[in-house]
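The block underneath contains the structure these notes are about, expressed in structure tokens.
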Amino acid sequence: MQRLDRVFKLRYGHSLELNALKRVHAPDGVNFVSRAMGNNGVTARVDVNVTPAKAGELSVALGGNGVLSTFVQPEPFVCGRDVMILSPIDPGMTIVERLWWARCIWENRYRFSYGRQANRTLGSLLVPYRAPDWVHQTPLPTHDGLAKPSAAPQDLTDPHSQLWSDFSLGDLFEIKKGKRLTKAERVPGTTRFVSASEKNNGITDLNDVSPIFPAGVLTVVYNGNSVGYAFYQDEPFFASDDVNVLIPKVPLSRWAQLFVAAIIKHGRSRFTYGYKWTLARMKKTVIRLPAHPSGQPDWDYMEAVMRGLPFSAAIAERKA
């Protein structure tokens, strides 16, 4: 092992206060990096009169909930308080290597907390002598093509027009409640555990349990802060008792179900802790969907709308 300051030159960031800066929109200005754990640490785009750090340098949060959150910044940037900037001592270090070192730093975050921040000790953090061979052989993923739609864009008609109709969820789906599984009963495994979460498609972790629901259905949180978050599940899974599972009564594509999931989420504000979206209420819940003149849902149109959205090409085509 070796000290981190043998691999990187460390310097304190700009220590700027965001509320004192002028916010702008790209391509104007530069990224403002704070101690945030998400979005590469970037929380705003600002106009500043200071020299920004260079693209390719690393930002490291020195304190707060996101302590040691480390990111390779793809663009020039400035920093808020308690953020350190790292530049490789070896100018030939590749982006993939920098990403690997960023992960090494992040894996040490358990050593720090509000009572013990990394301001003075980051340089002495022990890290490996070098990156393993597989790092040098790993291609850098790109986002090329991900923003493309999978089909021609489709205009969305006015939901208040006669081309839309009201449907109860109970008429469209067989709705079943998940099953209780205590934390003590959960052990690591390979089955997706879907619970009352609004992130990661509702998947909390993978457990050693048998799936109780098939792929190709929707899950909707009916309880807690995440009530109303709806997700399409493309693999068999286990759902907790805070989740209702919507099984289509007729064969539906993932695209059509994703459309319904967006409509369900749009109406989540109607339900709270005091008025939970119970199984009985969910069956009677009415949503408005595109419809044929015959009155049946226009599933083909819903699929066309979803396929025409940006980033739909990033959704893998799978049997579910």
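The values are calculated or read from the model by the stated rules, or taken from the named source; none is laboratory data. Just so we're clear, the structure is a prediction, and the values are computed from it rather than from any experiment. Because the Cβ atoms are built from the backbone with ideal geometry, glycine has one as well, and the counts that use them run over all protein chains shown.
Remarks
- Just one of the listed residues (Ala147, Ala131) is buried (at least 16 other Cβ atoms within 10 Å of the Cβ) and assigned to a loop (DSSP other than H, G, I, E, B), namely Ala131.
- Residues that are assigned to a strand (DSSP E or B) and aliphatic (A, V, I, L, M), drawn from the stretch 22-51: Val30, Val33, Val42, Ala44, Val46
- Considering Leu258, Leu252, the condition of being assigned by TED's automatic domain parsing to the domain that holds Lys284 and under 19 Å from the mean Cα position of the chain (by Cα) is satisfied by Leu258 alone.
- Within the stretch 64-77, residues that are assigned by TED's automatic domain parsing to the domain that holds Asn119 sit with their Cβ atoms under 8 Å from residues that are modelled with pLDDT under 95 and polar (S, T, N, Q), at 6+ positions apart or across chains, in these pairs: Val67/Ser113; Val67/Gln117; Leu68/Asn108; Phe71/Asn40; Gln73/Asn40; Pro74/Asn40.
- Residue count, the stretch 47-88 (criterion: hydroxyl-bearing (Ser, Thr, Tyr) and in contact with a Lys or Arg (Cβ under 8 Å, 6 or more places away or on another chain)): 3
- Of residues in the stretch 266-291 being under 23 Å from the mean Cα position of the chain (by Cα) and surrounded by fewer than 16 Cβ atoms within 10 Å (Cβ to Cβ), the one modelled with the lowest pLDDT: Ser269
- For the stretch 86-117, filtering for residues that are modelled with pLDDT under 90 and either in contact with a helix residue (DSSP H, G or I) (Cβ under 8 Å, 6 or more places away or on another chain) or in a helix (DSSP H, G or I) (or both) leaves 3.
- Scanning the stretch 97-126 for residues that are among the charged types (D, E, K, R) and surrounded by 13 or more Cβ atoms within 10 Å (Cβ to Cβ), we see that the one that is farthest from Tyr12 (Cα to Cα) is Glu97.
- Set Arg180, Arg120: member being more than 30 Å from Asp300 (Cβ to Cβ), assigned to a loop (DSSP other than H, G, I, E, B) and not assigned by TED's automatic domain parsing to the domain that holds Gly295: Arg120
- Test: residue in the stretch 16-32 that is under 22 Å from the mean Cα position of the chain (by Cα) and either closer than 20 Å to Leu126 by Cβ or at pLDDT 95 or above (or both): yes
- Those residues of the stretch 4-21 which are under 15 Å from Ala61 (Cα atoms) and part of a strand (DSSP E or B), in sequence order: Leu10, Arg11, Tyr12
- Condition check for Ile264: of a type in the set (A, V, I, L, M) and within 18 Å of Pro159 (Cα to Cα): yes
- Counting only residues that are touching a residue at least 60 places away in the same chain (Cβ under 8 Å), among the aliphatic types (A, V, I, L, M) and not in a loop (DSSP other than H, G, I, E, B), the stretch 205-252 holds 6 of them.
- Qualifying residue in the stretch 189-207 (condition: more than 24 Å from the chain's Cα centre (by Cα) and either at pLDDT 90 or above or among the charged types (D, E, K, R) (or both)): no
- Scanning the stretch 77-96 for residues that are of a type in the set (D, E, K, R) and more than 25 Å from Gly64 (Cα to Cα) yields a count of 1.
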